[in-house]
Amino acid sequence: MNMIAPSLLSADVVRIAEAVRVVERAGADLVHVDVMDGHYVPNLTFGPGLVKALKKETRLPLDVHLMVDSPAEVIPWFLEAGADWISFHPEASAHPHRDLGLVKSAGRKAGLALNPGTPLGILEELLADLDFVLLMCVNPGRGSQPFIEASRGKIRRLRRWIRETGAPALIEIDGGVSAANIAALAEDGAQVFVAGHAVFNHPDPGQAVAQMRDLVGRPVDR
Ligand code: DX5
Ligand code: ZN
């Protein structure tokens, strides 16, 4: 099951609803919403108000990526707003197991996001509880950065670990994904592909989604 998740970080913020409609029509599977708090990363972006408003604009699940300190403080806001998938960075949380529980007990999909410098070992006691792992292939904070090649080995090692343990987690990758590398990344074992620049800085974002979708195959079941 492969999924395409356009990242609104690269969309035109004053035309965001239109951007979502275009990628939905083109076959996107999720909408990726990057939340930055100006502390965990040096940028400020979207809040729960946008998530709540988007719920009325699209049937696609909203994949909220929290790049924030103390995610426990904001997870309830995003649950209330209707986020369908929520991930946060484990080193930003004092109690990642408890915070995952907040998301799971609301019946939403819970994930942990790992920076390029964060080892997979941080997942050791948590992997079995995760619906997905978000592997950052750039350092978080902004779009349009080049893909860090060492991420490919990390994707493969996580794929192997998940296979060996039978854990249910999907592998989502975020940063530097484009039509040029998406097929190879799917072969490495990635299943959910976040793409900002490659979709919204393309002259035809719908076509960009359709092309990436073709390169990784259609989803077999949702
Ligand atoms: C970066 C964000 C990404 C970003 C990816 O901190 O987490 O979701 O939108 O952008 P691209 O696809 O342009 O690298
Ligand atoms: Zn993201």
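The values are calculated or read from the model by the stated rules, or taken from the named source; none is laboratory data. What you are looking at is a predicted structure, and each value in this text was computed from that prediction instead of being measured. A quick note on method: Cβ atoms are made from the backbone with ideal geometry, for glycine too, and the neighbour counts reach across all protein chains shown.
Checking the range 60-71 against the condition returns a match, with at least one residue being away from ligand 2 (no atom under 14 Å from the Cβ), under 20 Å from A195 (Cα atoms), at pLDDT 95 or above and touching a helix residue (DSSP H, G or I) at 6+ places or on another chain (Cβ under 9 Å). Scanning the range 165-203 for residues that are part of a helix (DSSP H, G or I), under 17 Å from M3 (Cβ atoms) and either in contact with a Phe, Trp or Tyr (Cβ under 9 Å, 6 or more places away or on another chain) or within 16 Å of ligand 2 (Cβ to nearest atom) (or both) yields a total of 5.
One residue alone among Q207, Q191 is of a type in the set (S, T, N, Q) and either touching a helix residue (DSSP H, G or I) at 6+ places or on another chain (Cβ under 6 Å) or surrounded by 18 or more Cβ atoms within 10 Å (Cβ to Cβ) (or both), and that residue is Q191. Only one of the numbered conditions (1) of a type outside the set (G, A, S); (2) part of a strand (DSSP E or B); (3) in contact (Cβ under 8 Å) with a residue 40 or more places away in the chain is not met by W161, and that is (2).
Filtered by the rule that a residue be more than 29 Å from G82 (Cα to Cα), charged (D, E, K, R) and touching a residue at least 24 places away in the same chain (Cβ under 8 Å), the range 105-158 gives R152, K154, R156, R157.
The condition of being within 22 Å of D131 (Cβ to Cβ), of a type outside the set (F, W, Y) and in a loop (DSSP other than H, G, I, E, B) holds for only one of A5, A28, that being A28.
The residues of the range 1-33 that are farther than 22 Å from A186 by Cα, in contact (Cβ under 8 Å) with a residue 12 or more places away in the chain and charged (D, E, K, R), listed by number, are D12, R21, R25. If you go through the range 40-96 and keep only what is of a type in the set (A, V, I, L, M), surrounded by fewer than 17 Cβ atoms within 10 Å (Cβ to Cβ) and outside any helix (DSSP H, G or I), you end up with L44, A94. Evaluate the range 148-157: report whether one residue or more is within 11 Å of ligand 1 (Cβ to nearest atom) and under 23 Å from G38 (Cα atoms). Within the range 148-157, not a single residue is within 11 Å of ligand 1 (Cβ to nearest atom) and under 23 Å from G38 (Cα atoms). Restricting attention to the range 135-158, which residues are surrounded by fewer than 19 Cβ atoms within 10 Å (Cβ to Cβ) and either within 12 Å of ligand 2 (Cβ to nearest atom) or under 16 Å from the mean Cα position of the chain (by Cα) (or both)? If the condition is that a residue be surrounded by fewer than 19 Cβ atoms within 10 Å (Cβ to Cβ) and either within 12 Å of ligand 2 (Cβ to nearest atom) or under 16 Å from the mean Cα position of the chain (by Cα) (or both), then N139, G141, R142, S144, Q145, F147 are the ones that fit.
The lone criterion from (1) more than 16 Å from the chain's Cα centre (by Cα); (2) closer than 14 Å to G196 by Cα; (3) within 12 Å of ligand 2 (Cβ to nearest atom); (4) not small (G, A, S) left unmet by N43 is number (2). Any residue at all in the range 30-46 that's more than 28 Å from R157 (Cα to Cα), among the β-branched types (V, I, T) and in contact with a Phe, Trp or Tyr (Cβ under 7 Å, 6 or more places away or on another chain)? Among the residues of the range 30-46, not one is more than 28 Å from R157 (Cα to Cα), among the β-branched types (V, I, T) and in contact with a Phe, Trp or Tyr (Cβ under 7 Å, 6 or more places away or on another chain), which makes the answer no. Restricting G107, G111, G141, G153 to residues that are within 21 Å of A94 (Cβ to Cβ) and either not aromatic (F, W, Y) or not in a loop (DSSP other than H, G, I, E, B) (or both) narrows the list to G111.
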